[in-house]
Amino acid sequence: MSRKQGRLWAWRRRLAYRLLARPDEVRQDGDADVAPVRLDYPGTDIWLRATSMPERRWRARSCAKEPWTVRWIEDAVRKGEVLYDIGANVGTFSLIAAVSRKASVVAFEPGYANFARLCENIQLNECTGLIVPVPLPLSDSTGLLAFKYRSFEPGQSRHALGDTPFVPRRGAMSTHIQPVCATTLDRVVTDFALSPPHHLKIDVDGSEVRVLRGAGTVLRGQQLRTILIESDAEQWDALATELSGAGFTLQARHERPGKDHAPAYALWAR
């Protein structure tokens, strides 16, 4: 990068701070500091807007939280390849792939607060040409399902996609449940003419098997080389059946130290 380009980038960053950190924007808890924070990715400036505890505590520290995911992106994803980030949250790993690897990313995130922040983070890091944000939840069929929020803060996780059709009814309903239009990965790729992926990252808090069952064509595409997937222990057998049947073998498994009941991560490769 030339000195002139460096000054231009610094000016753009200062402008982004002024636009995103407006002094009149005060959160309900009284914290007015909404300036972007730097993601803990070494050597590269990636910025996140962080107005919630989950964003500051977990998302801004994604690399320390999931070092195996960072290694996988750095080792497996090549310049210009396509990564589908299914369950992108606010976009930390999508941004790492786009900024550091110059990959093309399709980022799926159905939670409304996370999706809004994902789009803001894409803009903040000037990745609109590399990351396509998609607000649709993925499942094994197309239909109207219930999406249950754990909370409404951006950066939160462990939301849940229902497995039966949503039935509207009169009267009061839980404010944490929202009807969503779910579809399959195969249909999204066909309907929107998306480039098929070379890599999949799947982190959907319990719906992993359903995502795989709706992605038979994608999984059998010969360009698809690796899949990093998070899942609870009770789904491992079903996951293994789906992935081995599509020609993938288990390469590595990662568990969080000191968290016996936390989901584990597995890397599968063709």
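Rule-based calculations on the coordinates, nothing more; no lab input. Everything numeric in this text was worked out from a predicted model, so none of it was measured. In this analysis, Cβ positions are derived from the backbone assuming ideal geometry, glycine residues included, and neighbour counts consider all displayed protein chains.
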For the range 194-270, what is one quarter of the convex hull surface built on the Cα atoms, given in nm²?
4.9 nm²
Relative packing of peptides 61-67, 86-92, 106-112 - highest average C-beta neighbours within 10 Å first
86-92, 106-112, 61-67
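Given the Cα-Cα distance of residue 233 and residue 256 and 0.36 nm per residue of separation, how much length would full extension add, in nm?
Values: separation 23, 0.36 × 23 = 8.28 nm, distance 1.30 nm.
Difference between extended and current length: 7.0 nm.
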For the range 94-111, in residue order, the Karplus 3J(HN,Hα) values (coefficients 6.51, -1.76, 1.60; θ = phi - 60°; whole Hz; Gly and Pro = x) are 4, 5, 4, 5, 6, 6, 8, 10, 6, 7, 8, 10, 10, 10, 9, 8, x, x
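Using the Cα centre of the range 60-269 as the reference point, and only Cβ charges (+1 on K/R, -1 on D/E), how large is the resulting charge dipole? Debye, rounded to the nearest 20.
Working: 22 positive and 23 negative charges, 50 e Å.
Around 240 debye, computed over the range 60-269.
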What share of the DSSP beta bridges in the range 60-269 is antiparallel, in percent to the nearest 5?
55 percent
Let me check the size of the range 96-214 from its C-alpha atoms; what are the radius of gyration and Dmax in Å?
15.1, 50
Name the residues whose placed amide hydrogens come within less than 5 Å of the amide hydrogen of residue 251, ignoring near sequence neighbours (fewer than 5 apart) on the same chain.
267, 268, 269
Taking amide hydrogens as modeled 1.01 Å from N in the peptide plane, which residues meet the under 5 Å criterion relative to residue 162, leaving out close sequence neighbours?
146, 147, 148
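Suppose R0 equals 35 Å. What FRET efficiency, 1/(1 + (r/R0)^6) with r the Cβ-Cβ distance, do residue 123 and residue 193 give to the nearest 0.05?
Values: r = 24 Å, r/R0 = 0.68.
Here the calculated transfer efficiency is 0.90.
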